[in-house]
1. Surrounded by 21 or more Cβ atoms within 10 Å (Cβ to Cβ) and either part of a loop (DSSP other than H, G, I, E, B) or not assigned by TED's automatic domain parsing to the domain that holds residue 71 (or both): does that describe residue 55?
2. Mind checking whether some residue in the range 99-108 is at pLDDT 90 or above and more than 18 Å from residue 166 (Cβ to Cβ)?
3. From the residues in the range 120-175 that are over 30 Å from residue 65 (Cβ atoms) and at pLDDT 50 or above, which one is surrounded by the fewest Cβ atoms within 10 Å (Cβ to Cβ)?
4. Would you confirm, using the coordinates I've provided, whether residue 65 is out of contact with any Asp or Glu (no Cβ under 9 Å at 6 or more places or on another chain), at pLDDT 90 or above and among the charged types (D, E, K, R)?
5. List pairs: first in the range 221-235 and free of Cβ contacts under 8 Å to residues at least 40 places away in the same chain, second among the aromatic types (Phe, Trp, Tyr), Cβ under 7 Å, 6+ apart or cross-chain?
6. Among what's in the range 58-100 and is within 12 Å of the chain's Cα centre (by Cα) and surrounded by fewer than 19 Cβ atoms within 10 Å (Cβ to Cβ), pick the residue that is nearest to residue 111 (Cα to Cα).
7. Restricting to the range 1-44, name every residue that is over 28 Å from residue 82 (Cα atoms) and not in a helix (DSSP H, G or I).
Amino acid sequence: MYLLVIEDDVIMGDMLGMYLAEEGYEVKQAVNGQDGLRLAGHFQPDVILLDLMLPDRDGMDLCVEIRKDSDVPIMIVSMKTEVSERVQALKAGADDYLCKPFSLHELTARVFALIRRAQGRTLQKGTGGETAEKSGAEGNQIKPVQLDIDRRLLIVRGQQVETTFSEFEIMRLFLEHPGKVYSREDLINAIRGFDSFVTDRAIDVHIVNLRKKVEQNPRSPRCIKTVWGVGYKYINDFD
């Protein structure tokens, strides 16, 4: 597995590189945003560890730029501990946020979980490229939302839509079980799988972003419905 560490603190970067290499990962390091962006395109990492405070550009902006071209899981590693920073990172496309100082054991557990979710879970494909929803009584109708597992894309009414890692996993869960009500805790467990930083607010941010990508009118959602006092559910909308 390949990891890219974008960290301007050389000592911190070397420490992460050595530790993760001992865990069996091949690690590349960048000390600024420009080199990080270049390596992200050529190295094709399985996970990116990204510091927010870089010498040449804002790490949040770099996260947005990487996300435009790739759905690689991005973990923010930062001294900034404010909830607002974490929420902003999720909106920028990050999949996890780890505050410094941190346990290296926790770091590797989170990295492993991100890789496992990105590569270790697949859906059984049907024939003719159908990936997410099984046909039945509705088999002759075109599904408004489908998943392209190989490219990790949403197909929304025939259009390809890029998602973050966590957004894709939430939609995968919704499409596998349309109509099932998921609490925020259910969704946290589904996209993380272990105790890491993620909150009810983080789930709400993901849902808002997904509605913008899926719904014809995000302010009046017909697919991703709120179940007040419980959580969310997905229903098929064939209109």
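1. No.
2. Checked against the condition, which is being at pLDDT 90 or above and more than 18 Å from residue 166 (Cβ to Cβ), the range 99-108 yields no hits at all.
3. My answer is 142.
4. In short, yes.
5. 225/232; 226/232
6. 70
7. 1, 2, 23, 24, 25, 26, 27, 28, 44
Quick grid of which residues meet (1) under 25 Å from residue 157 (Cβ atoms); (2) modelled with pLDDT of 85 or more; (3) loosely packed, with under 13 Cβ neighbours inside 10 Å:
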position	(1), (2), (3)
187	yes, yes, no
192	no, no, no
195	no, no, yes
198	no, no, no
204	yes, yes, no
207	yes, yes, no
212	yes, yes, yes
215	yes, yes, no
223	yes, yes, no
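The values are calculated or read from the model by the stated rules, or taken from the named source; none is laboratory data. Since the model is a prediction, treat every value here as computed from it, not as a measurement. Heads up, the Cβs are rebuilt from the backbone with ideal geometry, glycines too, and the neighbour counts pull from every protein chain shown.
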